1. Does any residue of the stretch 165-188 turn out to be more than 30 Å from SER55 (Cβ to Cβ) and either in contact with a Cys (Cβ under 6 Å, 6 or more places away or on another chain) or modelled with pLDDT under 95 (or both)?
2. Looking at (1) part of a loop (DSSP other than H, G, I, E, B); (2) surrounded by fewer than 18 Cβ atoms within 10 Å (Cβ to Cβ), can you tell me which one MET274 breaks?
3. What residue, of ALA102, ALA144, is under 27 Å from ALA63 (Cα atoms) and outside any loop (DSSP other than H, G, I, E, B)?
4. Please name all residue pairs, on different chains or six or more residues apart, with Cβ atoms under 7 Å, provided the first residue is in the stretch 129-142 and is in contact (Cβ under 8 Å) with a residue 40 or more places away in the chain and at positive phi and the second residue is surrounded by 15 or more Cβ atoms within 10 Å (Cβ to Cβ) and part of a helix (DSSP H, G or I).
5. Could you list, in sequence order, all residues of the stretch 277-289 that are small (Gly, Ala, Ser) and either assigned to a helix (DSSP H, G or I) or surrounded by 14 or more Cβ atoms within 10 Å (Cβ to Cβ) (or both)?
6. Considering only residues that are crowded, with 17+ Cβ neighbours inside 10 Å and under 16 Å from the mean Cα position of the chain (by Cα), look in the stretch 132-150 and name the one that is farthest from SER48 (Cα to Cα).
7. Taking ALA233, is it small (Gly, Ala, Ser), outside the structural domain of LEU265 (by TED's automatic domain parsing) and touching a residue at least 60 places away in the same chain (Cβ under 8 Å)?
8. Among the candidates LEU171, LEU192, which residue alone is within 13 Å of the chain's Cα centre (by Cα) and surrounded by fewer than 22 Cβ atoms within 10 Å (Cβ to Cβ)?
Amino acid sequence: MRVGLLLMVAGFAATASGAFAQTPVLSPPKGALFFSCDAAEKVEGLASAKLDAASTSPEARAADLAAARLAIDKAAKLREAVLSGQPVEAPYGGVTHFANLATTATSPRVAELFRRVARDQFARSHFTAAMQRASWAAGLSDNALAYAYYFVARDGCGVDGGNTAWLKADLLANGWPTIPQFGKDADQAAFLLVQHADRDLAFQAQVLALLEPLAKDGRTRPANYAYLFDRVAVANKQPQRYGTQGRCTGAGVWEPFEVEAPEALDARRASLGMSSEAEYKARFSSCRG
């Protein structure tokens, strides 16, 4: 079974087809982009079994299933609208930005970059929609939301791997899409794809070395170099330098992973045009421990 970030929902009861339990299906876990990249019929079987086990009655199951299917259909229509650049509700607005850039880019290379980032951001926005009960997830019960998410989140299947392979070949042939040559949006788009190439740490390290001189003279956004430096360091179990990577340790409390020379952290951040660490931490007020 090919599994992509197979993160099961906490609180699912054991599978028991046809049995109705009292254990609710909770909403998707923190950070889950998708549950499974199995064929649709396998996902259907898994989701249905979980819904059986969590439903309190046949009537409740039927209502949740009907609501979930409507949500799945709405998400499918949303995908078409978003990737064609049509205005859509939060949290998918940023996707429309990149989709529109893809249609106006004069460089075929950059147009493809924007298209890929739009798909990347669309897949990642599903989790935000689920957590906020927004867009297709609005008004759903916990059970209906969890069932729908099995299908909606399959947009993430294969996106990171495909984007990483494309970007590796593109950078080898063309180099980094610098700000002076293609603008800030192209620079940011390429960075987003690198950030999401976590399954290829060697590639991320190679790009980090590529970006270092570019960050010094403004050909790439310096803060992006800092984020990637920290991401590579943490992945290699090394102290980070700029305090960008961390975790929620309590309600509204975010703390960075180990930082080298923490007494000089704000000075290092300032040298790259970044806010203080205290200001950065304040951005995570919605953090959950």
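The values are calculated or read from the model by the stated rules, or taken from the named source; none is laboratory data. Keep in mind that what you see is a predicted model, and the values were worked out from it rather than measured. Every residue, glycine as well, gets a Cβ built from its backbone with ideal geometry; the counts of neighbours run over all protein chains shown.
1. Of the residues in the stretch 165-188, the ones more than 30 Å from SER55 (Cβ to Cβ) are 165-188.
Those still in the list that are either in contact with a Cys (Cβ under 6 Å, 6 or more places away or on another chain) or modelled with pLDDT under 95 (or both) too: none.
No, the stretch 165-188 contains no residue that is more than 30 Å from SER55 (Cβ to Cβ) and either in contact with a Cys (Cβ under 6 Å, 6 or more places away or on another chain) or modelled with pLDDT under 95 (or both).
2. (2)
3. On the way: ALA102 fails: under 27 Å from ALA63 (Cα atoms).
Sole residue among the options that is under 27 Å from ALA63 (Cα atoms) and outside any loop (DSSP other than H, G, I, E, B): ALA144.
4. Partner pairs satisfying both residue conditions: SER135/LEU78; SER135/ALA129.
5. If we filter the stretch 277-289 for residues that are small (Gly, Ala, Ser), which is where we start, we get 278, 282, 285-286, 289.
Passing the criteria: ALA278, ALA282.
6. It comes out as TYR149.
7. Criteria not met by ALA233.
8. Working: LEU171 fails: within 13 Å of the chain's Cα centre (by Cα).
Being within 13 Å of the chain's Cα centre (by Cα) and surrounded by fewer than 22 Cβ atoms within 10 Å (Cβ to Cβ) holds for just one of LEU171, LEU192, which is LEU192.
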